[in-house]
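Taking it in order: structure first as structure tokens, then the write-up.
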Amino acid sequence: MMRKHILLSAAFLLLSTAVPMPVAAQNIIPQPEHISLSRGQFKLNKGLKIVTNLTGSDFKVLNQYTSEVMNHPLAYAKNPSQQAVFRLICKGTAQQAAQAMDSVRLQGYELEVTPKGITIQSLTPTGLFYGLQTVRQLEKDGKIACVKVKDTPRFAYRGLMIDCSRHFWTKEFLKKQLDAMAYFKLDRFHWHLTDGGGWRMEVKQYPRLTAETAYRTQSDWTCWWMDKDRRYCPAGTPGAYGGYYTQEDIKDIVRYAAARHIEIIPEIEMPGHSDEVVFAYPELSCTGKPYTQSDLCVGKEATYTFMENVLKEVMELFPSKYIHIGGDEAERRTWKTCPDCQRMMKENHLKDVAELQSHFTHRMEQFLNRNGRKLLGWDEIMEGKLAPNAAVMSWRGTEAGIEAATSKHHVVMAPQQFYYLNMYQDNPMEQPKAQGGYTRLDKTYNYEPIPAKYKGTNLEKYMDGVQACVWTEFIAEPGHLEYMLYPRLLALAETGWTKQRTGYDNFCRRAVVNVDRLRRAGYNAFDLSKEKGSRIESRSITQHEAMGRPVTYLGRYAEKYRAEGDSTLTNGLRGDWGYLEGRWQGFIDSTGMDVVVDMGKLTEIRDVEVDFMHQYDAVIYAPASVELMVSDDGKNYKTIDTAQPGVKTKEAYLVYPYRWKGNAKGRYVRVRALSREKDAWIFTDEVIVNRIIRSCGKG
């Protein structure tokens with residue numbers, strides 16, 4: 001029985017009109033490299049067979065796909081005749097077919113549709129498969145517009161990562177997303193299988209990993225993670241939440257993905273984010289006790305033996321070139337005092353714990369290389385010393401990726417500010433729960449993974465491609481995850497495939513059509529036609545008398561959230577909905593926010609405005625109190641107002657507007673906002689003094 005969720009029938013794969021149209025009006029995503037339209041249509045019929053020269057497993061796998069998904073079986077012909085109606089012609093060798101995953105040339109195809117038939121030609125079965133996806137998107141009511149397409153992707157790696165540790169996703173749900181990935185020509189599924197939320201892969205040599213840590217005592221991530229007494233538990237425990245994939249489950253999903261020309265890259269987190277491992281096997285921690293740390297002890301040989309044995313089973317299940325080892329956000333706290341770690345550092349002449357992690361990563365890489373695989377890790381693996389053959393997934397921005405590629409390491413760009421799809425995509429006060437940042441569709445689409453100055457340089461050949469990531473701390477339901485994925489994943493698909501993008505307005509028109517297709521096919525995609533867009537305050541410059549005035553910081557901003565630095569709070573630029581976009585400035589100093597604006601001369605102060613962000617899940621809180629002061633000399637201050645915002649701590653998201661109106665005089669305006677809790681952030685975007693309202697009167 002065919003599953004309802006697959007993009008199966010032509011009813012779901014419509015163009016907005018059945019007549020030939022200009023190239024710019026096409027609704028194909030990703031946009032082909034070259035497409036030209038002519039008059040006429042090809043009409044499909046129920047008995048139509050697709051004739052191909054593919055043989056063996058290539059024929060068998062594609063026949064199952066076209067029969068189930070397109071309702072058209074394959075037929076074999078050594079030399080598909082020109083008289084055949086629907087032809088798939090593979091011109092390459094078996095060796096080329098095996099190399100297609102890493103070659104843009106070998107993923108390319110040519111498609112021609114005339115009133116008499118359809119021909120797709122490629123050097124590989126992968127290219128033929130992508131040509132079929134274009135045909136599916138061209139179909140309307142059993143008719144296909146006559147076109148010529150010549151198409152080759154920009155990058156060989158076009159990926160999606162789903163976090164299955166914080167929340168467990170069923171096989172059927174993952175297959176559903178693989179269907180959509182194939183439809184939009186994505187070819188890498190990065191499967192985040194292990195993390196502090198639970199271990200999700202059966203490992204036969206270490207059964208306690210799933211028996212003891214695949215389940216936890218609460219489903220709500222925040223409640224469980226913040227619980228001082230958080231616990232893992234066996235499957236039969238009342239209220240247990242979680243699950244894991246058996247090795248047979250994994251084989252099934254790997255086969256399903258391969259039939260859609262998608263390679264699955266498994267991620268086994270190490271040495272950080274390993275809370276569940278050191279619970280199940282506490283002897284692998286520095287302390288020897290569960291619930292005391294999240295890092296593996298990298299000073300013990302037992303840790304290396306354990307990870308190598310786990311990776312052996314991983315490699316038996318996953319044929320991918322890359323094995324992802326995580327490597328991010330290791331605390332390294334216990335390593336500084338652990339006798340085993342200190343001994344390892346001394347024996348290997350390592351100067352600090354960053355180099356100790358590098359040593360661990362290097363050994364894991366050597367093991368993978370000996371087994372014909374390559375190591376991929378988050379950009380923290382560059383700290384200390386990057387292992388010689390490692391590939392880098394750049395998530396903290398683009399700089400690490402550029403640095404790695406410049407050093408001739410292969411790179412996948414996955415910067416959080418553009419490609420983390422667990423961030424809000426529209427007005428957070430009207431959206432389901434998200435991680436905190438704000439990433440609109442246009443922001444994802446407009447990201448350019450290779451800066452202009454590096455175009456045409458040797459660096460390009462080390463840029464494997466791009467990847468979107470969905471972390472699921474705050475995404476517990478399948479519909480919610482799909483809502484976050486689509487349509488932003490379509491923007492990444494186009495960036496990864498299309499060499500000359502046509503601009504956001506053109507893409508957006510096509511995305512609206514494809515969102516409708518997805519929704520009718522059973523995907524809970526965000527309704528792009530109802531997008532509210534950016535925060536109104538961020539769309540124009542706010543004119544006020546403190547603009548351009550110098551600011552003295554009595555409590556410094558955090559460097560990672562510096563925005564524009566010392567000019568941020570008087571540059572007239574207001575923040576959008578997210579704190580990562582570079583306009584909101586963050587403070588976590590014990591003094592909170594304490595700033596002084598020098599007006600340059602004695603000034604009549606009529607009004608002062610300051611906005612504060614509040615996002616509970618990001619530990620960004622509206623301040624406990626706000627104090628407004630003025631001074632003539634910058635030394636002696638007079639308080640002219642105090643306020644207690646009174647925002648409830650667990651409020652998901654809001655922007656608290658501090659406002660004061662009155663009569664005061666001074667050269668210096670000081671705003672002090674006290675933090676609600678010791679480790680909570682305060683974020684603000686502008687200190688507005690004497691707002692200037694422009695008149696729109698006649699004359």
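The values are calculated or read from the model by the stated rules, or taken from the named source; none is laboratory data. Quick caveat, the model's predicted, so the values are computed rather than measured. As a convention, Cβ positions derive from the backbone with ideal geometry for all residues, glycine included, and neighbour counts pool all protein chains shown.
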So, in the stretch 313-344, how many residues would count as being in contact (Cβ under 8 Å) with a residue 60 or more places away in the chain, of a type outside the set (Val, Ile, Thr) and either under 24 Å from Asp252 (Cβ atoms) or outside the structural domain of Gly196 (by TED's automatic domain parsing) (or both)?
7
If only one of Asp607, Asp589, Asp576 is at negative phi, touching a residue at least 12 places away in the same chain (Cβ under 8 Å) and not in a loop (DSSP other than H, G, I, E, B), which one is it?
Asp607
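Being among the polar types (S, T, N, Q), touching a strand residue (DSSP E or B) at 6+ places or on another chain (Cβ under 8 Å) and surrounded by fewer than 24 Cβ atoms within 10 Å (Cβ to Cβ) is the filter here; which residues of the stretch 118-140 pass it? Give the derivation first.
Of the stretch 118-140, the ones among the polar types (S, T, N, Q) are 119, 121-122, 124, 126, 133-134, 137.
Next, only the ones that are touching a strand residue (DSSP E or B) at 6+ places or on another chain (Cβ under 8 Å) stay: 119, 121-122, 124, 134.
Matches in the stretch 118-140: Thr119, Gln121, Thr134.
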Within the stretch 491-517, how many residues turn out to be among the hydrophobic types (A, V, I, L, M, F, W, C), in contact (Cβ under 8 Å) with a residue 24 or more places away in the chain and surrounded by fewer than 23 Cβ atoms within 10 Å (Cβ to Cβ)?
3
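So if I check each of Thr237, Thr213, which one is free of Cβ contacts under 8 Å to residues at least 24 places away in the same chain and of a type in the set (Ser, Thr, Tyr)?
Sole residue among the options that is free of Cβ contacts under 8 Å to residues at least 24 places away in the same chain and of a type in the set (Ser, Thr, Tyr): Thr237.
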Selection from the stretch 55-74 of residues that are part of a helix (DSSP H, G or I) and of a type outside the set (Val, Ile, Thr):
Gly56, Ser57, Asp58, Phe59, Lys60, Leu62, Asn63, Gln64, Tyr65, Ser67, Glu68
Could you say which residue among Gln342, Gln293 is polar (S, T, N, Q), surrounded by 16 or more Cβ atoms within 10 Å (Cβ to Cβ) and outside any loop (DSSP other than H, G, I, E, B)?
Gln342
Residue by residue through the stretch 322-339, note down the ones that are of a type outside the set (Val, Ile, Thr) and surrounded by 15 or more Cβ atoms within 10 Å (Cβ to Cβ).
Tyr322, His324, Gly326, Gly327, Asp328, Ala330, Arg332, Trp335, Cys338
Taking the stretch 95-132 and the residues there that are assigned to a loop (DSSP other than H, G, I, E, B) and touching a residue at least 40 places away in the same chain (Cβ under 8 Å), the one that is farthest from Asn79 (Cα to Cα) would be Ser103
How many residues, within the stretch 345-369, are buried (at least 19 other Cβ atoms within 10 Å of the Cβ) and under 27 Å from the mean Cα position of the chain (by Cα)?
8
Within the stretch 371-385, track down each residue that is crowded, with 21+ Cβ neighbours inside 10 Å and over 21 Å from His190 (Cα atoms).
none
Within the stretch 645-663, considering residues that are surrounded by fewer than 18 Cβ atoms within 10 Å (Cβ to Cβ) and among the aliphatic types (A, V, I, L, M), the one farthest from the chain's Cα centre (by Cα)
Val647
Matching residues in the stretch 211-248 (crowded, with 18+ Cβ neighbours inside 10 Å and in a loop (DSSP other than H, G, I, E, B)) number 3
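Using the structure shown, decide if Ser675 is in the same structural domain as Leu573 (by TED's automatic domain parsing) and touching a Phe, Trp or Tyr at 6+ places or on another chain (Cβ under 9 Å). Reasoning before the result, please.
On the way: in the same structural domain as Leu573 (by TED's automatic domain parsing): yes; touching a Phe, Trp or Tyr at 6+ places or on another chain (Cβ under 9 Å): yes.
For Ser675, the condition - in the same structural domain as Leu573 (by TED's automatic domain parsing) and touching a Phe, Trp or Tyr at 6+ places or on another chain (Cβ under 9 Å) - is met.
If you check Tyr621 against the conditions, is it assigned by TED's automatic domain parsing to the domain that holds Trp577 and surrounded by fewer than 21 Cβ atoms within 10 Å (Cβ to Cβ)?
Details: assigned by TED's automatic domain parsing to the domain that holds Trp577: yes; surrounded by fewer than 21 Cβ atoms within 10 Å (Cβ to Cβ): no.
Spelling it out, it is not the case that Tyr621 is assigned by TED's automatic domain parsing to the domain that holds Trp577 and surrounded by fewer than 21 Cβ atoms within 10 Å (Cβ to Cβ).
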Residue in the stretch 669-680 that is nearest to the chain's Cα centre (by Cα), counting only those that are crowded, with 21+ Cβ neighbours inside 10 Å and in a strand (DSSP E or B):
Ala673
Identify, by number, the condition in (1) in a loop (DSSP other than H, G, I, E, B); (2) more than 21 Å from Cys90 (Cα to Cα) that Gln41 doesn't meet.
(1)
Listed residues Gly600, Gly575, Gly592; which is small (Gly, Ala, Ser) and at pLDDT below 95?
Gly592
Being within 18 Å of Ala400 (Cβ to Cβ) and among the hydrophobic types (A, V, I, L, M, F, W, C) is the filter; apply it to the stretch 426-460 and report the residue that is nearest to the chain's Cα centre (by Cα).
Ile450
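Restricted to the stretch 538-557, and to residues that are of a type outside the set (S, T, N, Q) and free of Cβ contacts under 8 Å to residues at least 40 places away in the same chain, which residue is nearest to Thr684 (Cα to Cα)? Please lay out each step first, then the result.
In the first step, residues of the stretch 538-557 are kept if they are of a type outside the set (S, T, N, Q); the result is 539, 541, 544-551, 553-557.
Pick out the ones that are also free of Cβ contacts under 8 Å to residues at least 40 places away in the same chain and you get 539, 541, 547-548, 556-557.
Numbers: Arg539: 17, Ile541: 16, Met547: 16, Gly548: 17, Arg556: 13, Tyr557: 10 Å.
Checked the stretch 538-557; the qualifying residue nearest to Thr684 (Cα to Cα) is Tyr557.
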Contact list, first residue from the stretch 625-652 and within 23 Å of Met613 (Cα to Cα), second anywhere and loosely packed, with under 15 Cβ neighbours inside 10 Å and of a type in the set (Lys, Arg), beta-carbon distance below 8 Å, six or more apart or interchain, is Met629/Lys638
With the checklist (1) of a type in the set (S, T, N, Q); (2) modelled with pLDDT under 95; (3) in contact with a Ser or Thr (Cβ under 6 Å, 6 or more places away or on another chain) in hand, flag the one item Gln585 doesn't pass.
(2)
Can you tell which of Ala404, Ala414 is assigned by TED's automatic domain parsing to the domain that holds Gly326, without any contact (Cβ under 8 Å) to a residue 60 or more places away in the chain and among the small types (Gly, Ala, Ser)?
Ala404
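So which residues in the stretch 519-531 are in contact with a helix residue (DSSP H, G or I) (Cβ under 7 Å, 6 or more places away or on another chain) and not basic (Lys, Arg)?
Of the stretch 519-531, the ones in contact with a helix residue (DSSP H, G or I) (Cβ under 7 Å, 6 or more places away or on another chain) are 520-521, 523-529.
Listed by number, the residues that qualify are Ala521, Tyr523, Asn524, Ala525, Phe526, Asp527, Leu528, Ser529.
Restricting attention to the stretch 298-320, and to residues there that are part of a loop (DSSP other than H, G, I, E, B) and either within 21 Å of the chain's Cα centre (by Cα) or of a type in the set (Phe, Trp, Tyr) (or both), which single residue is farthest from Glu263 (Cα to Cα)? Don't jump to the end; show me each part of the working.
From the stretch 298-320, those part of a loop (DSSP other than H, G, I, E, B) are 298-300, 318-320; that's our starting set.
If we keep only those that are either within 21 Å of the chain's Cα centre (by Cα) or of a type in the set (Phe, Trp, Tyr) (or both) too, we end up with 318, 320.
Values: Phe318: 9, Ser320: 6 Å.
For the stretch 298-320, the residue satisfying everything is Phe318.
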List every residue pair whose Cβ atoms lie under 8 Å apart, where the two residues are 6 or more positions apart in sequence or sit on different chains, the first residue falls within the stretch 69-90 and is in contact (Cβ under 8 Å) with a residue 40 or more places away in the chain, and the second residue, located anywhere, is hydroxyl-bearing (Ser, Thr, Tyr).
Asn71/Ser9; Leu88/Thr52
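Filtering the stretch 518-562 down to residues that are of a type in the set (Lys, Arg) and crowded, with 16+ Cβ neighbours inside 10 Å, which residue is nearest to Asp611 (Cα to Cα)?
The residue in question is Arg535.
For Gln133, are the conditions met, namely being among the polar types (S, T, N, Q), within 27 Å of the chain's Cα centre (by Cα) and in the same structural domain as Phe42 (by TED's automatic domain parsing)? It would help to see each step written out before you state the result.
Details: among the polar types (S, T, N, Q): yes; within 27 Å of the chain's Cα centre (by Cα): yes; in the same structural domain as Phe42 (by TED's automatic domain parsing): yes.
Here the answer is yes, as Gln133 does meet what is asked.
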Let me spell it out: the conditions are (1) touching a helix residue (DSSP H, G or I) at 6+ places or on another chain (Cβ under 6 Å); (2) part of a helix (DSSP H, G or I), and Ile325 meets all of them except one. Which number is the exception?
(2)
